[in-house]
Ligand code: ATP
């Protein structure tokens, strides 16, 4: 097994599209790392450079201690799984799994042993005689994974491998894949644009935008302590609410004036904000799940809003609120007493769970 190190990776297509713009990160031996970001942010290109399918314009890629920039894909000791399964349609599941080993001239009995081992692990033993078209999407996906697994590579590279599955199978497979990865301890780099998948599976997440890594940390850190507005807004569903505010000083008290509400800051936080902000403009962020709603005013109440829509989600409600120009979302237990649509509700949020960003740089102040 081996870790992966990417240093200063840059890839430009057609002399003008900067797909990857100075990306550096390290994946420890046995770690499961996610490259997460919106479409076009450079995740796939980064992965393809590591695989050897693209040639970087700048930067180094190490697998273990080996600089692999000049090695062809087949000599990098990696296995790849892509969004499309690319199984050989005329071959049985058995032959599909055996193919990478036959190519490498493994002895016949060794091939048989490994194919059966992997089939057992992925629970596809009963499907070995079928052709790909006789399999469901989820079964095909497992065969594709099996083909990557069968030869115990140093590194797995996966590009949205679950994206073709229905929601239920996807959630099932992501747990299965995570378990498998931990059991086998294969260093894994996994590309997705699905933040829930990233949170559920990754040991660490690299959040990317416009060819750069904006934050690289454990899921709970990226979620609770986002580095900037982009990361804060990308993780979480429904996403974090953002409200523009101005820093004002009144009777030696620092207040964030957001129009729809005013937030007096405790002394420590006031100092942080004054020192950290590049102007008097900031953005306040608060997550839907850290908001409280109540018909009567409570000590937590910060402002009043109109109930706009209520979306029942089973054990909880997602409540859309209209406050001034803002449409905000709150998550509240389904037992919460709410006024009818159009009625007024008091909104509160936990002060230690709010985020304050600099409006100009979009960086986190608190
Ligand atoms: P997606 O989730 O949509 O696959 P991504 O984050 O993986 O997106 P990339 O596929 O790495 O993004 O693409 C990054 C940028 O590089 C995009 O602007 C894309 O259009 C461009 N790009 C990717 N491959 C090529 C190519 N072969 N030729 C020209 N431009 C390319």
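The values are calculated or read from the model by the stated rules, or taken from the named source; none is laboratory data. Quick caveat, the model's predicted, so the values are computed rather than measured. Heads up, the Cβs are rebuilt from the backbone with ideal geometry, glycines too, and the neighbour counts pull from every protein chain shown.
Residues that are near the ligand (Cβ under 9 Å from one of its atoms), assigned by TED's automatic domain parsing to the domain that holds residue 197 and within 22 Å of residue 149 (Cα to Cα): find the strands (runs of 3 or more DSSP E) completely inside the stretch 13-90 holding 1 or more of those.
Fully inside the stretch 13-90 and qualifying: 32-36.
Kindly state which strands (runs of 3 or more DSSP E) lie completely within the stretch 184-270 and contain at least 2 residues that are within 16 Å of the ligand (Cβ to nearest atom) and either touching a residue at least 40 places away in the same chain (Cβ under 8 Å) or not assigned by TED's automatic domain parsing to the domain that holds residue 79 (or both).
187-192, 204-209, 212-217
Go through (1) under 25 Å from residue 22 (Cα atoms); (2) modelled with pLDDT of 95 or more; (3) out of contact with any strand residue (DSSP E or B) (no Cβ under 7 Å at 6 or more places or on another chain) and name the single condition residue 73 misses.
Checking residue 73 against (1) under 25 Å from residue 22 (Cα atoms); (2) modelled with pLDDT of 95 or more; (3) out of contact with any strand residue (DSSP E or B) (no Cβ under 7 Å at 6 or more places or on another chain), the one that fails is (2).
Please determine, by comparing only the residues of the stretch 160-169 that are within 18 Å of residue 36 (Cα to Cα) and surrounded by fewer than 18 Cβ atoms within 10 Å (Cβ to Cβ), which one is nearest to the ligand (Cβ to nearest atom).
163
All but one of (1) farther than 30 Å from residue 134 by Cβ; (2) crowded, with 17+ Cβ neighbours inside 10 Å hold for residue 66, so report the exception by its number.
Of the numbered conditions (1) farther than 30 Å from residue 134 by Cβ; (2) crowded, with 17+ Cβ neighbours inside 10 Å, the odd one out for residue 66 is (2).
Cβ-Cβ below 7 Å, separation at least six or inter-chain, first residue in the stretch 11-25 and more than 11 Å from residue 59 (Cβ to Cβ) and at pLDDT 95 or above, second more than 8 Å from the ligand (Cβ to nearest atom) and not in a strand (DSSP E or B): which pairs?
12/57
Which ones in the stretch 142-183 are over 24 Å from residue 110 (Cα atoms) and in a strand (DSSP E or B)?
157, 158, 159
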